[in-house]
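Structure, as structure tokens:
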Amino acid sequence: MNAMARAASLALLGSCVALGPLGMPLVNGQTPIEQVTTDTPEYCLHLLQRLRQIEQNRPPPKDVSYLSDEGKLMCDHGQIRAGITRLRRAMQIMLAPTEK
Amino acid sequence: MTGPGVKAAPEMGRQRPTLWRRLTGRGSDRPLRLLRSASIRFAAVYAVLLALSGFALALFLWYETAGLLDRQTEAAIRADAQGLSERWEEGGLPALVMTIDDRLAQNVDDDAIYLLVDSQLRRIAGNLQRWPQGVTATNAWYELPVQRAGIRSLARVQRFDLLGGFHLLVGRDVRVRAQLRNLLTDAMLWALVIVVAMASGGALVVRGLFRRTLANISHTSAAIAAGDLGQRVKLSGRGDEFDQLAETINDMLERIGRLMDGVRQVSNAIAHDLRTPITRARTRLEDAALHAGSEAELRAAIERAIADLDGIVAVFQALLRITEIEAGSRRSAFTAFDLAPVLADVGELYAAVAEERGIQVAVESPPQLPAYGDRELIQQAIANLLDNAVKFSPRGGRVTVSGAASGGGVIIRVRDQGPGIPPDELSRAGERFFRGEDARSTPGSGLGLALVQAVAHLHGGTLRLDDAAPGLAAVLLLPMAQPLDPAGPGT
């Protein structure tokens, strides 16, 4: 290998070493990690209670009943985030402005 | 003294090679030589330009992808905060709490972060357990590590201060976007590394091409420097810039060859033409020294030798004058003048000489003939032409000197009725020391027309020799390089 090829290889290797870390995900180990409270069984229960309150004033569409039942079932079986997602969809339908 | 059991110190010239030497594998002057190499510079410029282009492209793509995700997130947070601010202004704290609760309840994407606290940082509404310690400034962006259902995530948040000492935190979970951004960043950086590698490889190829292309010219130049003047740069036939350069170099070599032939010819002519008068002078002096019977005979021999040597001096003066004219240093003496009296003066001067030989000299010129140039040199050139005409005219012949304005210049024509110059010798008549076959018996040095030609070139003009049948017509065309002074020529 001649001198130029060796110098080029070294430059390439140096570039890889220098630029590699820049592409890594940022990690901040100093700041305390904050807990999000909308992924908990308690929040699941909170959403169900709110849905029930709204349903008292207005009869729920079929989709809402299906979504709230499925959400409750999933929360009961420990699939909290999936259950919350369904309850949120049900809430979205219930809180959406009705078309006149 | 070094004994058998004693190790000798290492020699100075055999020290361990430096890192650079090991990298390049060459001596200490190798890096400097590499830097001085034009092929290395071209290759480096190519590599740097390619790498910069790749970097600029990667930067643009990153800005349009990962940067766009960041900007979208920030825009969503600002819009969210704006909506909450309006609710706060409309309904106060209860309305704000209700809105936060509603938004969290409908957040199907599960990425919203809200936290409303009082002045004591006690939680009122939202989905964060407590106010993050590091978030202290308003209108500043924070990257906040959060935990969702046991999974560590990252949120981008901004703090807003409300009346009454309340603080609001609005943000978005950007874990997925951050992962996508990191993937894009990784891809860009690796693409950049690949571009750098390709640029380095391309630079080596460019260097090789450059060196191969120059090798042809370099070999030819080396051969010519070694004395082989017949070498020419080979053309690739592609007609590209290198072929154009090769053609230019070959044209230059041809011209140099012609000039060297000219120098050689002039040298030969000097040696040949001067040997005769010098030998004659020497013979006369030797003859006088051996056989002169009286002081008068000795003096006469010396005077004849002096006359011969004066002729040699005149030849050298003519040569020096031609060289001076060709160097162009006389241009500073250019001025506007009237050529008509010059023609008349020269004609009158040679009329007396011509009359002794029965030759008539006629001058034809308008009353005024404005010209621009070196008056003395032009006068000398006309005199040379007239001298030749008178010299070669037969007894009873007629020599005509005419001047006329033509276009932007003047034409001076000197015509005789002599034998003229054979057509095959016309093109060489202006060369130094050239003398036609028919002119060998006529006195002269062969420098007269060469001087006229030099004067013509100095003024940007030409000397043309035409067959006047009978005789020769020498036409000197001098362009007017500058407009004349309105006050009149010669002023």
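The values are calculated or read from the model by the stated rules, or taken from the named source; none is laboratory data. Remember, it's a predicted structure, so these values are computed and weren't measured experimentally. Cβ: placed from backbone, ideal geometry, glycine included. Neighbour counts: every protein chain shown. Remember, those area values only see protein heavy atoms, side chains included, never the ligands or the DNA or RNA. Shrake-Rupley method; radii C 1.70, N 1.55, O 1.52, S 1.80 Å.
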*asked:* B:Leu84 - would you say it is surrounded by 15 or more Cβ atoms within 10 Å (Cβ to Cβ) and either at pLDDT 90 or above or out of contact with any helix residue (DSSP H, G or I) (no Cβ under 7 Å at 6 or more places or on another chain) (or both)?
replied: yes
*Pairs under 8 Å by beta carbon, first residue more than 7 Å from chain B (Cβ to nearest Cβ) and within 15 Å of A:Leu73 (Cα to Cα) in segment A:32-48, partner small (Gly, Ala, Ser) and assigned to a loop (DSSP other than H, G, I, E, B), six or more apart or different chains?*
A:Thr40/B:Ala149
*Run B:Asn250 past the list (1) assigned by TED's automatic domain parsing to the domain that holds B:Ala125; (2) surrounded by 15 or more Cβ atoms within 10 Å (Cβ to Cβ) and report the number of the one that doesn't hold.*
(1)
_Yes/no for A:Gly83 being more than 10 Å from chain B (Cβ to nearest Cβ), touching a Leu at 6+ places or on another chain (Cβ under 6 Å), modelled with pLDDT of 90 or more and surrounded by 14 or more Cβ atoms within 10 Å (Cβ to Cβ)_ = no
*Starting from segment B:128-143, take each residue that is within 27 Å of A:Tyr43 (Cβ to Cβ) and list its partners that are open to solvent by 90 Å² or more (accessible area, probe 1.4 Å) and assigned to a loop (DSSP other than H, G, I, E, B), counting only C-beta distances under 7 angstrom and pairs at least six apart or across chains.*
B:Glu143/A:Leu26
*asked:* Just to check your reading of the model, which residue among B:Val146, B:Val174 is facing chain A (nearest Cβ under 7 Å) and in contact (Cβ under 8 Å) with a residue 24 or more places away in the chain?
replied: B:Val146
*Considering residues of segment B:436-453 that are over 16 Å from B:Ala271 (Cα atoms), open to solvent by less than 40 Å² (accessible area, probe 1.4 Å) and at pLDDT 80 or above only, the residue farthest from the chain's Cα centre (by Cα)*: B:Gly448
*Please enumerate the residues belonging to segment B:278-312 that are acidic (Asp, Glu) and without any contact (Cβ under 8 Å) to a residue 12 or more places away in the chain.*
B:Glu286, B:Glu295, B:Glu297, B:Glu303, B:Asp310
_Selection from segment B:97-137 of residues that are more than 10 Å from B:Leu169 (Cβ to Cβ), buried (at least 19 other Cβ atoms within 10 Å of the Cβ) and of a type in the set (Val, Ile, Thr)_ = B:Thr99, B:Ile100
*Might you check whether a residue that is small (Gly, Ala, Ser), assigned to a helix (DSSP H, G or I) and away from chain A (no Cβ under 14 Å) occurs anywhere in segment B:252-264?*
yes
*Unique residue being open to solvent by less than 90 Å² (accessible area, probe 1.4 Å) and not in a helix (DSSP H, G or I) when the list is B:Gly311, B:Gly293*: B:Gly293
_Selection count where residues are surrounded by 14 or more Cβ atoms within 10 Å (Cβ to Cβ) and either modelled with pLDDT under 70 or of a type in the set (D, E, K, R) (or both), scope segment B:26-61_ = 5
*Taking the condition open to solvent by less than 30 Å² (accessible area, probe 1.4 Å), among the polar types (S, T, N, Q), closer than 18 Å to B:Asn250 by Cβ and away from chain A (no Cβ under 14 Å), does B:Thr213 pass?*
no
*Identify, by number, the condition in (1) in contact with a helix residue (DSSP H, G or I) (Cβ under 6 Å, 6 or more places away or on another chain); (2) within 14 Å of chain A (Cβ to nearest Cβ); (3) within 21 Å of B:Ile40 (Cα to Cα) that B:Asp186 doesn't meet.*
(3)
*Write out, first by first residue and then by second, each pair whose Cβ atoms fall under 8 Å of each other, whose residues are 6+ apart or on separate chains, and whose first residue, in segment B:254-277, is within 19 Å of B:Gln231 (Cβ to Cβ) while the second is open to solvent by 80 Å² or more (accessible area, probe 1.4 Å).*
B:Ile256/B:Leu229; B:Gly257/B:Leu229; B:Met260/B:Leu229
*Search result, residues across segment B:126-138 that are among the hydrophobic types (A, V, I, L, M, F, W, C), assigned to a loop (DSSP other than H, G, I, E, B) and within 13 Å of another protein chain (Cβ to nearest Cβ)*: B:Trp131, B:Val135
*For segment B:401-435, enumerate the residues that are closer than 23 Å to B:Leu349 by Cβ and open to solvent by 20 Å² or more (accessible area, probe 1.4 Å).*
B:Ser402, B:Ala404, B:Ile411, B:Arg413, B:Arg415, B:Gln417
*Could we say that A:Pro97 is within 14 Å of another protein chain (Cβ to nearest Cβ) and farther than 28 Å from B:Leu128 by Cβ here?*
yes
_Boolean, A:Pro41 is modelled with pLDDT of 90 or more and open to solvent by 60 Å² or more (accessible area, probe 1.4 Å)_ = yes
_I'd like the full set of residues that are open to solvent by 20 Å² or more (accessible area, probe 1.4 Å), within 19 Å of B:Asn384 (Cα to Cα) and in contact (Cβ under 8 Å) with a residue 40 or more places away in the chain, limited to segment B:320-340._
B:Arg321, B:Glu326, B:Arg330
_Could you tell me how many of the residues in segment A:51-80 are surrounded by fewer than 17 Cβ atoms within 10 Å (Cβ to Cβ), within 11 Å of chain B (Cβ to nearest Cβ) and within 25 Å of B:Arg148 (Cβ to Cβ)?_
2
_Please count how many residues of segment B:237-251 are outside any helix (DSSP H, G or I) and not acidic (Asp, Glu)._
3
*What pairs can you find where one residue is in segment B:376-402 and under 19 Å from B:Phe434 (Cβ atoms), the other is among the acidic types (Asp, Glu) and crowded, with 19+ Cβ neighbours inside 10 Å, and their Cβ atoms are less than 7 Å apart, with a gap of 6+ or different chains?*
B:Ala389/B:Asp416; B:Phe392/B:Asp416
